[in-house]
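The values are calculated or read from the model by the stated rules, or taken from the named source; none is laboratory data. All values derive from a computational prediction rather than experimental measurement. Glycine also receives a Cβ, built like all others from the backbone with ideal geometry; neighbour counts cover every protein chain displayed. The protein model used for the area step is the full one, side chains on, heavy atoms only, and it has no ligands, DNA or RNA in it. Shrake-Rupley method; radii C 1.70, N 1.55, O 1.52, S 1.80 Å.
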2 protein chains.
Amino acid sequence: MSLLVVGSVALDTIETPFGIAEDALGGSGTFCSAAASLFCPVHLVGVVGSDYPVSELDFLAERGVDLSGVEQVEGESFRWSGVYSYDLNSRETRETRLGVFADFKPKIPEACRNLEWVFLGNIDPVLQLDVLRQMRTPRLVACDTMNYWINGHRENLLKLLEHVDLLMVNDSEARELSGDHHLLRAARWIQQRGPRIVIVKKGEHGAILFAEDMVFFVPGFPLEDIFDPTGAGDAFAGGFMGYLARAGSLEPDELRRAMVYGSALGSFAVERFGLDRLRNLTPAEIHDRVRAFRDITAFEHIAAVPVDV
Amino acid sequence: MSLLVVGSVALDTIETPFGIAEDALGGSGTFCSAAASLFCPVHLVGVVGSDYPVSELDFLAERGVDLSGVEQVEGESFRWSGVYSYDLNSRETRETRLGVFADFKPKIPEACRNLEWVFLGNIDPVLQLDVLRQMRTPRLVACDTMNYWINGHRENLLKLLEHVDLLMVNDSEARELSGDHHLLRAARWIQQRGPRIVIVKKGEHGAILFAEDMVFFVPGFPLEDIFDPTGAGDAFAGGFMGYLARAGSLEPDELRRAMVYGSALGSFAVERFGLDRLRNLTPAEIHDRVRAFRDITAFEHIAAVPVDV
């Protein structure tokens, strides 16, 4: 089964303690597609300006990303520039130039309107809802958002959430949206607004999935070196959604594995600048990483373990 | 097998958004013993003042804590008073009165000098080392410490670490001790100074064990309500050490389970004020919690999962 990804296709200029990358491929749609396409066919809908090095997206097309929904229009591409702190735990945005992204109105190609697996990257909730109006029979609609929409466009976001199955946010966003510092209660609050599944991403501290009768936790992978955190959340989303679309199931066991595949892809993304690590990832590497996640979390519960009271 | 616990036996006055507890039983030795005694016999070594309500420790004696090493001397007991923020994520110390604890020189009773499992609560590293000199054949020596010793008594602490098998610290302490923000590297740094096992406690974000060839992660348990975080780390230490002493093994599978039992005890500790939750804990409750930890972390890795590249 195939996945529809709607999101930004950008050019990032990133400075980390390890170096600088200028005008590197970036954007939520790009990272998510790069990760998801390791599992299933992907249809990407986005917009780029006349200055975009479109041929650099060829590697995505080669592994099954349909780019016909990426419109190229007159004007400047979306550019983001940021600098990370020495420990990579915080970053400062130097510049955001929306360019043609400011007028982005996602048009879902006719051939994509029957897709069942939908990921709405972080854009105006009005546009996210408009995408959903174009879809006929989505089976799982997942979306991302950010503090900008939570604070300034709250009503629109809450209206969107009524039509969303899965919300994927980071911990500060979950807290801001719900007004509750406590993540479990924050997730329950969000679930009452529509999404029956909430995933809270906590960066180096891992990610938690809250479903109706299930909580599932994946730690951040203990990497020796982190190179560039940009796009880790979108790579997580791509791995998660790509795995689920491929499995074609929302069974609890599949949701658990999707969390691990998402975390694996997120952990790979940070090992190199920008998209670089996702370009040449092999199935063996992905399986090894998933196995490593199992090694650091699995234990056998011995019901007969002695406890004196 | 039995566990030796050396630590503070204190009276805590705690204010949380849910209420105030005055002169409640507290201290690292008390919390650790309360948790560990659910698994194995415990010998507690500490000191209290003439004002200590010693009879309130009877519940510990009833479940196998040998209190003969808790000396009562003329003077005031160790008192700590603190207030937690509305979200319980930070706390401010209002008052620390060391009292008789200021002159604490742990004397290990002759009958305890052959014990194999040793936990050194957070006290002056010179005293911790002095305890070790009194022990004959310890099999596992674990210790806790804090920023005060890391910053002000660094040389003494490093000398102690050469004789310690397992260091248990929180994330900020691991970073401060090693000078490395990155936890994996911080743990490797510490391992090179002596302890072959390092456990980093991250509060709501769980705990990580670093051994020679193993990393193991347990999340913070997603509790609906947290009442009082005081003593969670010491209850973790007690559950961890108590489980290991009972198992009588340092095999990787036992270390994994010890991490989960430790986390379970830590998660119980915060459900009520002070020691209250640990008083009446039943084996069934402990097993249910461990099973719940398994539910939120276990997944099956299907080696044949399709990955296209």
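Per-structure values
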quantity	calculated
Residues of the stretch B:287-298 that turn out to be in contact with a strand residue (DSSP E or B) (Cβ under 8 Å, 6 or more places away or on another chain) and either within 7 Å of chain A (Cβ to nearest Cβ) or modelled with pLDDT under 95 (or both), as a count	2
Every residue from the stretch A:177-200 that is open to solvent by 40 Å² or more (accessible area, probe 1.4 Å), at the interface with chain B (Cβ under 10 Å from one of its Cβ atoms) and in contact (Cβ under 8 Å) with a residue 24 or more places away in the chain	none
Boolean, A:ALA292 is in contact with a Leu (Cβ under 7 Å, 6 or more places away or on another chain) and open to solvent by less than 40 Å² (accessible area, probe 1.4 Å)	no
Index of the failed condition, A:CYS40 passing every other in (1) touching a Ser or Thr at 6+ places or on another chain (Cβ under 9 Å); (2) modelled with pLDDT under 95	(2)
Test: residue in the stretch B:133-140 that is at negative phi and surrounded by 22 or more Cβ atoms within 10 Å (Cβ to Cβ)	no
Test for B:ARG257: is it within 8 Å of chain A (Cβ to nearest Cβ) and assigned to a helix (DSSP H, G or I)	yes
Residue that is most open to solvent (accessible area, probe 1.4 Å) [pool: residues in the stretch B:228-248 that are within 12 Å of another protein chain (Cβ to nearest Cβ) and more than 18 Å from B:PHE217 (Cα to Cα)]	B:ARG246
Test: residue in the stretch B:25-38 that is farther than 17 Å from B:PHE273 by Cα, of a type outside the set (Gly, Ala, Ser) and either open to solvent by less than 60 Å² (accessible area, probe 1.4 Å) or in contact with a helix residue (DSSP H, G or I) (Cβ under 8 Å, 6 or more places away or on another chain) (or both)	yes
B:GLU62 being charged (D, E, K, R), in contact with a Phe, Trp or Tyr (Cβ under 9 Å, 6 or more places away or on another chain) and open to solvent by 30 Å² or more (accessible area, probe 1.4 Å)	no
Of all residues making up the stretch B:9-24, the number that are open to solvent by less than 10 Å² (accessible area, probe 1.4 Å) and outside any strand (DSSP E or B)	1
Of all residues in the stretch B:271-286 being open to solvent by 10 Å² or more (accessible area, probe 1.4 Å) and more than 12 Å from chain A (Cβ to nearest Cβ), the one that is modelled with the lowest pLDDT	B:PHE273
Residue among B:GLU212, B:GLU224, B:GLU254 that alone is open to solvent by 30 Å² or more (accessible area, probe 1.4 Å), closer than 29 Å to A:LEU184 by Cα and among the charged types (D, E, K, R)	B:GLU224
Any hit, the stretch A:150-162, residues being at pLDDT below 95 and surrounded by fewer than 19 Cβ atoms within 10 Å (Cβ to Cβ)	yes
A:ALA264 being touching a Leu at 6+ places or on another chain (Cβ under 6 Å) and modelled with pLDDT of 95 or more	no
Per-region count, the stretch B:120-132, residues open to solvent by 10 Å² or more (accessible area, probe 1.4 Å) and either modelled with pLDDT of 95 or more or of a type outside the set (S, T, N, Q) (or both)	6
Filter result (assigned to a loop (DSSP other than H, G, I, E, B) and among the acidic types (Asp, Glu)) within the stretch B:260-299	B:GLU271
Any chance A:PHE217 is under 25 Å from B:ILE208 (Cβ atoms), open to solvent by 30 Å² or more (accessible area, probe 1.4 Å) and aromatic (Phe, Trp, Tyr)	no
Pick from the stretch B:221-258, criterion modelled with pLDDT under 95 and touching a His at 6+ places or on another chain (Cβ under 9 Å), ranking: farthest from B:ALA34 (Cα to Cα)	B:GLU224
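Residue-by-condition table, conditions (1) away from chain B (no Cβ under 14 Å); (2) of a type outside the set (Lys, Arg):
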position: A:ARG63; (1), (2): no, no
position: A:ASP66; (1), (2): yes, yes
position: A:SER81; (1), (2): yes, yes
position: A:ARG91; (1), (2): yes, no
position: A:GLU95; (1), (2): yes, yes
position: A:ARG136; (1), (2): yes, no
position: A:VAL164; (1), (2): yes, yes
position: A:LEU167; (1), (2): yes, yes
